[in-house]
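**Student:** Okay, here's the structure, questions in a sec.
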Amino acid sequence: MAEREHKIAIVGAGTIDLSFAALHLAKNATCTVTIYDTRPDLQAYVKRHLPGYLMEADHDTCLARLAFANDLQSAVKDVEAVQEQGPENAEFKVSIWPQIEQHAPADAVFWSSTSGIPARVQSAQMKDPSRLVVVHPFNPPHIMPLLEIVPSPYTSQAVLDRTLSYWRALGRTPVIVKKECTGFVANRLAFALFREACSLVAQGVVDVKDLDEIVQASMGPRWSVAGPFKSYHAGGGEGGLTSFMDKIGGTMQECWEASEVDVRKGAIKVGGDWQAEACRQTEEAYGVVDTAERDEKTRKVLAAVGGA
């Protein structure tokens, strides 16, 4: 729990914005949050939806430390950090950071929750690009511990140090991504698995629901306590990962090559013929997913493995 008072400005009022607002307010009892968004019903919208993100906190106490701004200038005035979750559009982000820079205190740090637009691109028109760093969450951030901290070549060490210190104090797991890359790391891993899942479903090897059960009954619980390198290192016994690769490497290579063949065929592309059938099976299996149930189960898993 962060103990020192912090003033945070959040640009945007979407689901990620409200999730981050809940995280700040719930994990730092003295933190104040100002939300800026252009929607005309901003206050009513946030007050209606934000309590749903504050399941483990006192709603009244949190809402008492929440403010709203009708313009960007007043939103970022006197804050220590500005967290931007605007449209996933490079033109928007390039244009808004110089405005924020103009009105925010000179020592405020800037965080972007973009899913894939590097800070190097976003800071193109800033006077001081060293202040900006990507802070990419794994959705929803008020529950999931991971935050990918992705600096540009210009991001200062002081900004990185302050960023890491703040999020660690809130009980998060900030991890520095050393190089800017498409999709960063978590999404690259998640989408690689999803591509294989789509390919296997498209080929008729397995249907959607059974594939989900395979993941939930194997990689899901294993990866909640150890990532792939640690898992396979343990799987190699006394010889560790080296022994595992010696024993299973041939099969692994065959799997990689089979996947590459499928990619080269172009059978799995977003919007391809396979997609409608995969979506149909998913809708038939799950209908509308109860995200509250999902989030509660996720909290229990994180608590059990010590990641809450």
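**Student:** Of ILE16, ILE143, which has the most accessible area with a 1.4 Å probe, and how do the rest follow in descending order?
**Tutor:** Sorted by accessible area, descending: ILE16, ILE143.
**Student:** Please identify, among LEU241, LEU63, LEU189, the residue showing maximal mean-square fluctuation in a Gaussian network model of the chain using a 10 angstrom Cα cutoff.
**Tutor:** Per the Cα network of the chain with a 10 Å cutoff, LEU241 tops the list.
**Student:** Given a 1.4 Å probe, how much area per residue of the range 1-47 is accessible, in Å²?
**Tutor:** Here the per-residue accessible area is 41 Å².
**Student:** Residue by residue through the range 139-155, which ³J(HN,Hα) values in whole Hz follow from phi under the Karplus form 6.51 cos²θ - 1.76 cosθ + 1.60 (θ = phi - 60°), with glycine and proline marked x?
**Tutor:** 5, x, x, 6, 10, 6, x, 5, 9, 7, 9, 10, x, 8, x, 9, 4
**Student:** Please list, ordered by chain and number, the residues whose modelled amide H lies under 5 Å from the amide H of VAL134; skip anything fewer than 5 residues away on the same chain.
**Tutor:** Those qualifying (amide H under 5 Å, at least 5 residues apart or on another chain) are SER112, ALA119, VAL150, SER152.
**Student:** Computing the accessible area with a 1.4 Å probe over protein heavy atoms, can you report the carbon and sulfur percentage for the range 1-54?
**Tutor:** That share works out to 51 percent.
**Student:** As I understand it, the value is the acute angle between the Cα axis of helix 90-103 and the longest principal axis of the Cα atoms of the chain; what does it come to in degrees, rounded to 10?
**Tutor:** On a 0 to 90 degree scale, this one is about 30.
**Student:** For LYS178, go through the lysines and keep the ones whose alpha-carbon is under 26 Å away, minus same-chain ones fewer than eight residues off.
**Tutor:** Within the straight-line limit of under 26 Å, LYS178 reaches these lysines: LYS93, LYS127, LYS230.
**Student:** Further question: Once both axes come from the Cα atoms, what is the angle between helix 273-286 and the longest principal axis of the chain, in degrees from 0 to 90, rounded to 10?
**Tutor:** Helix 273-286 and the main axis of the chain meet at about 80 degrees.
**Student:** Can you give the charge dipole size of the range 170-249 about its Cα centre, rounded to the nearest 20 debye, using +1 on the beta carbon of Lys and Arg and -1 on the beta carbon of Asp and Glu?
**Tutor:** The calculation lands at about 420 debye.
**Student:** From largest accessible area down, sort ILE176, ILE8; use a 1.4 Å probe on the protein chains.
**Tutor:** Final ranking, largest accessible area leading: ILE176, ILE8.
**Student:** Starting at the first residue of the range 260-272, write each ³J(HN,Hα) from the Karplus equation 6.51 cos²θ - 1.76 cosθ + 1.60 with θ = phi - 60°, in whole Hz, x for Gly and Pro.
**Tutor:** So the Karplus estimates, Gly and Pro as x, are 5, 4, 4, 5, 5, 5, x, 5, 10, 9, 4, x, x Hz.
**Student:** Determine how large the accessible area of CYS181 is when every protein chain is in place; take a 1.4 Å probe and give Å² rounded to the nearest 10.
**Tutor:** CYS181 exposes around 50 Å² with every protein chain in place.
**Student:** Given the whole protein assembly as supplied and a 1.4 Å probe, what does the accessible area of TRP256 come to in Å², nearest 10?
**Tutor:** Around 150 Å² of this residue is reachable by solvent.
**Student:** Just how large is the dipole of the chain about the Cα centre, in debye to the nearest 20, putting +1 at every Lys and Arg Cβ and -1 at every Asp and Glu Cβ?
**Tutor:** 680 debye
**Student:** Between the range 196-226 and the range 124-152, what is the separation of their alpha carbon centroids in Å?
**Tutor:** Their Cα centres are 30 Å away from one another.
**Student:** Heads up, I need the accessible area for HIS142: 1.4 angstrom probe, whole protein in place, Å², nearest 10.
**Tutor:** 30 Å²
**Student:** Next question, about the same structure. Rank MET55, MET245, MET126 by accessible area, highest first, at a 1.4 Å probe radius?
**Tutor:** Largest accessible area first, the list is MET55, MET245, MET126.
The values are calculated or read from the model by the stated rules, or taken from the named source; none is laboratory data. Because the structure is predicted, anything quoted here is derived from the model rather than measured. No Cβ is skipped: glycine too gets one built from the backbone with ideal geometry, and neighbour counts run over all protein chains shown. For accessibility, only protein heavy atoms count, side chains too; no ligands or nucleic acids. Shrake-Rupley method; radii C 1.70, N 1.55, O 1.52, S 1.80 Å.
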